[in-house]
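Asker: Quick one: this structure, given as structure tokens, is what I'll be asking you about.
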Amino acid sequence: MANEVSNPSKKNSKTKKYFINIAIVLTMAVLVGYLTLKDNFGDVASALGQADVRYIIFILIAMFLYYLVDGVIIFILARLYTTHYKVHRGLAVAFIGQFYSDITPSSSGGQIAQANTMRKQKVEVSTAASILVMHFIIFQVVLMLFGLLAMILKFKTLILTSQPIVVFNISLPIWVLALIGFIINAAVISGLLIMSYSSKIHNFVINTGVNLAWRLHLVRSPEKTRARLQVTTENFRIELRRLQSNIPVTILITIIFAIRFLIIYSIPYLVGLTLKVDMTGQYWNSVFMYSFLQMITSLVPLPGAAGISEYMFQQLFIGIFQTKALVASAQILWRFFTFYFGLIIGGFVSAFYHSRMENEEDYAFASKTFVDIQRETFEARKASSDFMYRTSSLSTREVEEKIKKFKTSVFSRKEKDDDEKDDNKKP
């Protein structure tokens, strides 16, 4: 009887949180819209009214390609396990992940929603967890590489063209936040990579590092933090090993991820063309400014970084769009296509596709965190990863043996031919 009472309570609590998060996003959208338009409504309306519709079509195509590419990535990873997975399923998972990432703090709800969707697509939960962890690894690596390129090629441009952040009459250069965001993102992925390869560093961070963070009041519960970090690192290790067992696939997905980033990073440039701004020579400036923007918004725990993204866009892109009216107009278009477009389409897909909650099992699954899923499926995924790695190593050795035999055969035949030639030359 207690379960019957508690389950509806969990359902209502989960649904309530989602509605609250959506309300936060919409409230911030209205607030930002008001602040953006209150001083230059006429100029912004004029700029939007003169927009080139042809480029809006290009932007819509680009955004669909963005989600389609993500669906293709999920499809390729899924095909490592099954031949029955289809691209349209991967596309649905991409939209659903975007929707739940947008309405949860720090994008925390995206992966568990995707795992639940794949479970309903008849994909094993352990397989879904593997796919999503590998997706996360390559995503973070490519994100860091773009961030590194931005720091090397355009950091000076960032300093010279961006506007500082002003809070309570205190001015803070925006490059400081971009640098902090890059360092944190680079530290996360590099730390996980190092901890995956070095047990000594892994043990040091798990024990000494977490204790130090607790003493500095950076973490509340050292035991929970230690357990979560342990699960994350171990899962990172086994999926990294799986990626090493499929080097051609890993390279292919890395290239596809780079294309995916380029598509989304190109949207401000297309927005500039839409608003008939002279964007000559501004493509890479636009791309890397977006990279800086992503580094900064990764620090914001609000759903969809609502409010902060819009403000930071204007401070970063003022050097490209020149006037407040144009950068405000660009921000409105950019935010709609890169955030609200995915939120709306993802919401419809989530409502009518396999991700919707239909029974107690669905709600029980959705109440878990992605860390819980990784912990529960760890043994199964470790076994399959080890098997795949051994198979890959065996295949490599077989290839090496065949090459060695081929070389031996060729050289022995050559030596025999040389000997025969020498015999023929003798009188």
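The values are calculated or read from the model by the stated rules, or taken from the named source; none is laboratory data. Source: prediction; values computed, not measured. In this analysis, Cβ positions are derived from the backbone assuming ideal geometry, glycine residues included, and neighbour counts consider all displayed protein chains.
Asker: Pick out the one residue from Tyr283, Tyr290, Tyr197 that is of a type in the set (Phe, Trp, Tyr) and under 22 Å from the mean Cα position of the chain (by Cα).
Answerer: None of the other options fit; the residue is Tyr290.
Asker: Ile267 fails exactly one of the following numbered conditions: (1) surrounded by fewer than 18 Cβ atoms within 10 Å (Cβ to Cβ); (2) over 15 Å from His135 (Cβ atoms). What is the number of that condition?
Answerer: (1)
So that you can scan it fast, the table gives a plain yes or no per residue for (1) surrounded by fewer than 20 Cβ atoms within 10 Å (Cβ to Cβ); (2) under 19 Å from Thr250 (Cβ atoms); (3) not hydrophobic (A, V, I, L, M, F, W, C):
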{"site": "Ser107", "(1), (2), (3)": "yes, no, yes"}
{"site": "Gln111", "(1), (2), (3)": "no, no, yes"}
{"site": "Phe136", "(1), (2), (3)": "yes, yes, no"}
{"site": "Leu149", "(1), (2), (3)": "yes, no, no"}
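Asker: Looking for something surrounded by fewer than 20 Cβ atoms within 10 Å (Cβ to Cβ), without any contact (Cβ under 8 Å) to a residue 12 or more places away in the chain and among the hydroxyl-bearing types (Ser, Thr, Tyr) - is there at least one such residue anywhere in the range 81-93?
Answerer: yes
Asker: While we're looking at this one, here's another question. Being closer than 28 Å to Thr377 by Cβ, buried (at least 17 other Cβ atoms within 10 Å of the Cβ) and either at pLDDT below 85 or of a type outside the set (Phe, Trp, Tyr) (or both): is that true of Glu234 here?
Answerer: So Glu234 fits the description; yes.
Asker: Next up: Run down Ala328, Ala380, Ala351 and say which single residue is at pLDDT 60 or above, over 30 Å from Val32 (Cβ atoms) and of a type in the set (A, V, I, L, M).
Answerer: Ala380
Asker: Suppose the filter is of a type outside the set (D, E, K, R), surrounded by 10 or more Cβ atoms within 10 Å (Cβ to Cβ) and either modelled with pLDDT of 60 or more or in contact with a His (Cβ under 9 Å, 6 or more places away or on another chain) (or both); does Phe341 pass it? Let's see the steps before the verdict.
Answerer: On the way: of a type outside the set (D, E, K, R): yes; surrounded by 10 or more Cβ atoms within 10 Å (Cβ to Cβ): yes; either modelled with pLDDT of 60 or more or in contact with a His (Cβ under 9 Å, 6 or more places away or on another chain) (or both): yes.
Against the criterion (of a type outside the set (D, E, K, R), surrounded by 10 or more Cβ atoms within 10 Å (Cβ to Cβ) and either modelled with pLDDT of 60 or more or in contact with a His (Cβ under 9 Å, 6 or more places away or on another chain) (or both)), Phe341 qualifies.
Asker: Can you name every one of the helices (runs of 4 or more DSSP H) wholly within the range 227-339 that holds 1 or more residues which are in contact with a Pro (Cβ under 9 Å, 6 or more places away or on another chain) and in contact (Cβ under 8 Å) with a residue 24 or more places away in the chain?
Answerer: 283-297, 308-321, 324-335
Asker: In the range 254-295, what residues are over 19 Å from Ile56 (Cβ atoms) and basic (Lys, Arg)?
Answerer: Within the range 254-295, just Arg260 meets the criteria.
Asker: Does Asn211 meet the test of being touching a Pro at 6+ places or on another chain (Cβ under 9 Å) and more than 30 Å from Tyr290 (Cα to Cα)?
Answerer: Considered against the rule, which asks whether it is touching a Pro at 6+ places or on another chain (Cβ under 9 Å) and more than 30 Å from Tyr290 (Cα to Cα), Asn211 comes out as yes.
Asker: Looking at Ser107, Ser101, can you tell me which residue is of a type in the set (Ser, Thr, Tyr) and out of contact with any Gly (no Cβ under 7 Å at 6 or more places or on another chain)?
Answerer: Of Ser107, Ser101, the one residue that is of a type in the set (Ser, Thr, Tyr) and out of contact with any Gly (no Cβ under 7 Å at 6 or more places or on another chain) is Ser107.
Asker: Also, I was wondering about something else. Spot the failing condition for Leu218; the list is (1) more than 24 Å from Leu240 (Cα to Cα); (2) in a helix (DSSP H, G or I); (3) modelled with pLDDT under 80, and only one is missed.
Answerer: Exception for Leu218: condition (2).
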